[in-house]
Amino acid sequence: MKPTLADLERLARGAGAILRDGYEKKHDIQYKGVIDLVTEIDRASEDFLLREVQTHFAGGAILAEESGKISGINGDLWMIDPLDGTVNYAHGIPVFCVSIAFASDGETTLGAVYDPMRDEMFLAEKGRGATLNGRQIRASTTTELEKSLLVTGFPYDTWNTELDNFKYFERLGKQTQGVRRLGSAALDACYVAAGRFDAFWEFKLKPWDVAAGGLIAAEAGATVSAIDGNADYLSSPLSIIASAPGIYAALKEQLR
Ligand code: IPD
Ligand code: CA
Ligand code: CA
């Protein structure tokens, strides 16, 4: 059975409740890398989502952060980040979300990103626009970098990668109203969709980070691509620009 947007919303609210209930409790933290960590709540949220998808929408493949790829028997693919913003979460910073995208035959058609602390539900269906708590949202109409507020993020291997993004952070920080770093790529993209930020860019992400947020931003009128301009921004190595159309070209030029 194919899911509807209402199904994704229900799943995102269920997982969001798990994140909210676990917030500020003492966490069992395990390290996947030097800085990359996972809590028992990431796993509880993912277990809930996998169980729901496998019970109600059997047959689809699932790409979920903590479980990796689970193969399917049809052209459906779920891309799930059970807790985007884990480092914030582990520090008691209330900026995190659950991100769920559904793709059919290679095309992402549904996306839900839910911030349980603010009760903000971002939703989009391919070709039908994007909403925040039921209201249509649009990317900003900015046309000047110097009047723009941007957001970005940094990879977990930032200590020892060439592509650590600091060069671009500095460069764009000096040409705009500022560059924020919230710590949740899915929310970053949704905030572009809502016109809060004028653009978001990041290197070295994974499909579960931005499959839903990218669709939501695009459906809100943002221009979304890989940093080299490739329309297929989910393919590896994954990078993304989600931008108000009026500054997309200028931003892409600065990210060369
Ligand atoms: C991370 C966040 C962060 C981004 C990292 C992601 P996680 O996801 O989205 O903003 O900068 O690259 O890995 O680990 O919190 O799910
Ligand atoms: Ca993530
Ligand atoms: Ca995560």
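For the pair residue 10 and residue 161, what calculated FRET efficiency results from E = 1/(1 + (r/R0)^6), where r is the Cβ-Cβ distance and R0 = 51 Å, to the nearest 0.05? Working shown, then result.
Details: r = 38 Å, r/R0 = 0.75.
So the FRET efficiency works out to roughly 0.85.
Percent of Cα-Cα pairs per 5 Å bin, from 0 to the last occupied bin, for segment 145-254, please list those.
Calculated P(r), rounded to whole percents: 2, 14, 27, 27, 21, 8, 1, 0.
With unit charges on the beta carbons (Lys and Arg positive, Asp and Glu negative) and the dipole taken about the Cα centre of the chain, which residue among 102, 54, 6 sits farthest to the positive side?
Toward the positive end, the furthest listed residue is 6.
Nearest 500 deg cm²/dmol is fine: what mean residue ellipticity at 222 nm does the chain get from its DSSP H runs of n ≥ 4 alone, each adding -39,500 (n - 2.57), divided by its residue count?
Numbers: 7 runs with 80 residues, N = 256.
Computed mean residue ellipticity for the chain: -9500 deg cm²/dmol.
Using Cα-only point scatterers and the Debye equation, what is log10 of I(q)/I(0) for the chain at each q in 0.09, 0.16 Å⁻¹, rounded to two decimals?
Scattering profile of the chain, log10 relative to I(0): -0.35, -1.17.
Considering only DSSP states other than H, G, I, E and B, which GluC sites (Glu not before Pro) in segment 11-102 qualify as loop sites with at most 13 other Cβ atoms within 10 Å? Write out the running numbers ahead of the final one.
On the way: sites: 24, 40, 46, 52, 65, 66; in loops: 24, 65, 66.
Sites meeting the loop and neighbour criteria: 24.
Among the DSSP beta bridges whose two residues both lie in segment 145-254, what percent are antiparallel, rounded to the nearest 5? Each step should come with its number before you reach the end.
Working: 8 of 14 bridges.
Around 55 percent of the beta bridges assigned by DSSP in segment 145-254 are antiparallel ones.
If you put +1 on each Lys and Arg Cβ and -1 on each Asp and Glu Cβ, how big is the dipole of the chain around its Cα centre, in Debye rounded to 20?
Details: 26 positive and 36 negative charges, 104 e Å.
I would put it at about 500 debye.
Rounded to the nearest percent, how much of the accessible area of the chain (1.4 Å probe, protein heavy atoms only) is carbon and sulfur? Write down the numbers at each step before the final one.
Numbers: 5580 of 11220 Å².
For the chain, the apolar C and S fraction of the accessible surface comes to 50 percent.
Tell me, what are the semi-axes, in whole angstrom and largest first, of the equivalent ellipsoid of segment 83-205 as set by the roots of 5 times the Cα gyration tensor eigenvalues? Provide the component values of the computation, followed by the final result.
Details: eigenvalues 115, 71, 46 Å².
Three semi-axes, in Å: 24, 19, 15.
With Rg and the Kirkwood Rh both taken from Cα atoms, where does Rg over Rh land for segment 1-133? Spell out each step's value before the answer.
On the way: Rg = 14.5 Å, Rh = 15.0 Å.
The Rg/Rh ratio comes out at 0.97.
Quick one: net charge around residue 188, please, counting Lys, Arg +1 and Asp, Glu -1 for every other residue with C-beta under 11 Å from its C-beta. Could the numbers behind the result be given before it?
Numbers: positive: 180, 181, 196; negative: 84, 202, 209.
Net local charge, residue 188 excluded: 0.
Return the loop-located chymotrypsin sites (Phe, Trp or Tyr not before Pro) in segment 1-89 (DSSP other than H, G, I, E, B) with at most 16 other Cβ atoms within 10 Å of their own Cβ; answer none if there are none.
On the way: sites: 23, 31, 48, 57, 78, 89; in loops: 23, 57.
Within segment 1-89, the qualifying chymotrypsin sites (Phe, Trp or Tyr not before Pro) (loop, at most 16 other Cβ atoms within 10 Å) are 23.
Restricting to lysine pairs 8 or more places apart or on different chains, what number in the chain have Cα atoms under 21 Å apart?
16
Does segment 92-138 come out rounded, prolate or oblate by the C-alpha gyration tensor, with a ≥ b ≥ c the root eigenvalues, rounded set by a/c under 1.5 and, if not, prolate when a/b is larger than b/c and oblate if not? Please report the intermediate quantities before stating the final value.
Details: a/c = 3.80, a/b = 1.54, b/c = 2.47.
It is oblate, given that a/c is not under 1.5 and a/b is not larger than b/c.
I need the peptides 138-148, 198-208, 114-124 ranked by packing, meaning the mean over residues of other C-beta atoms within 10 angstrom, with the highest value on top. Working shown, then result.
Values: 138-148: 17.3, 198-208: 23.8, 114-124: 21.6.
Final packing ranking: 198-208, 114-124, 138-148.
The values are calculated or read from the model by the stated rules, or taken from the named source; none is laboratory data. Model, not experiment: these values are computed from the prediction. Cβ sites come from the backbone with ideal geometry, for glycine too, and all protein chains shown count toward neighbours. Quick note on the areas: whole protein, heavy atoms, side chains included, nothing else; ligands and nucleic acids left out. Shrake-Rupley method; radii C 1.70, N 1.55, O 1.52, S 1.80 Å.
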